[in-house]
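The values are calculated or read from the model by the stated rules, or taken from the named source; none is laboratory data. Please read these numbers as outputs of a predicted model, since none were measured by experiment. Note: ideal-geometry Cβ built from the backbone for every residue, glycine included; neighbour counts use all protein chains shown. Just so you know, the surface numbers come from the protein's heavy atoms only, side chains and all, with ligands and any DNA or RNA stripped out. Shrake-Rupley method; radii C 1.70, N 1.55, O 1.52, S 1.80 Å.
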Amino acid sequence: MTATLGDHLSLIDKLLAGLFPETEADDANGYGGPHHRVCVLWNSRDFWDDDGQAWREAEADGRARLDALIAALAPRWGAPVEIDLWPYLKASIDGEEVPEPLFSLSQQFVSLQAAWPVRDRDRWLALAVGQADKELPFELLAAVGRGPVPA
């Protein structure tokens with residue numbers, strides 16, 4: 001994907017304004033359900049045949065995209081908070097029910113590196129960049145959920 005910062009911001013605005021799916025559903029851009037929507041803003045190539053150079057470049061590109069989004073969104077809602085996803089992963093391992101999208105996100109990411117409440121819409125927005133495994137692509141995701149920012 002060669003999406004620009006403007007493309008990312010436009011998609012985030014659509015996510016914040018859009019309706020949540022009535023049932024759990026996947027599509028080409030992500031997944032969602034009655035109280036959430038997660039969208040892939042950017043992804044890298046995979047790293048099955050990599051000497052490490054492409055991995056380092058993709059990690060840096062993903063982080064730069066995340067930093068640019070944080071810089072663009074902070075004037076709207078202030079400094080973001082980081083959400084540690086380990087408690088959600090541990091809870092799911094222990095057999096506790098974890099609400100979406102935190103269940104799915106905790107399976108792939110260590111944290112949501114930037115999260116904001118969007119109070120005028122009773123929603124929260126979070127951004128994360130990472131990869132599910134060392135051979136898989138990096139992904140930059142935007143997650144929108146109903147209610148306050150998860151603790």
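What number of residues within the range 8-25 satisfy the criterion of being open to solvent by 40 Å² or more (accessible area, probe 1.4 Å) and under 13 Å from the mean Cα position of the chain (by Cα)?
1
What is the one condition in (1) more than 28 Å from Leu19 (Cβ to Cβ); (2) surrounded by 16 or more Cβ atoms within 10 Å (Cβ to Cβ); (3) at pLDDT below 95 that Pro101 does not satisfy?
If we test Pro101 against (1) more than 28 Å from Leu19 (Cβ to Cβ); (2) surrounded by 16 or more Cβ atoms within 10 Å (Cβ to Cβ); (3) at pLDDT below 95, just (1) comes out false.
For the range 54-70, does any single residue satisfy the condition of being among the hydrophobic types (A, V, I, L, M, F, W, C), exposed (fewer than 15 other Cβ atoms within 10 Å of the Cβ), closer than 18 Å to Pro101 by Cα and without any contact (Cβ under 8 Å) to a residue 40 or more places away in the chain?
no
Restricting attention to the range 78-98, and to residues there that are surrounded by 15 or more Cβ atoms within 10 Å (Cβ to Cβ), under 17 Å from Gly145 (Cα atoms) and not β-branched (Val, Ile, Thr), which single residue is farthest from the chain's Cα centre (by Cα)?
The extreme case among them is Tyr88.
Select from the range 104-132 the residues that are open to solvent by 80 Å² or more (accessible area, probe 1.4 Å) and either within 15 Å of Tyr31 (Cα to Cα) or assigned to a loop (DSSP other than H, G, I, E, B) (or both) and list them in ascending order.
Selection gives Gln107, Val110, Asp122.
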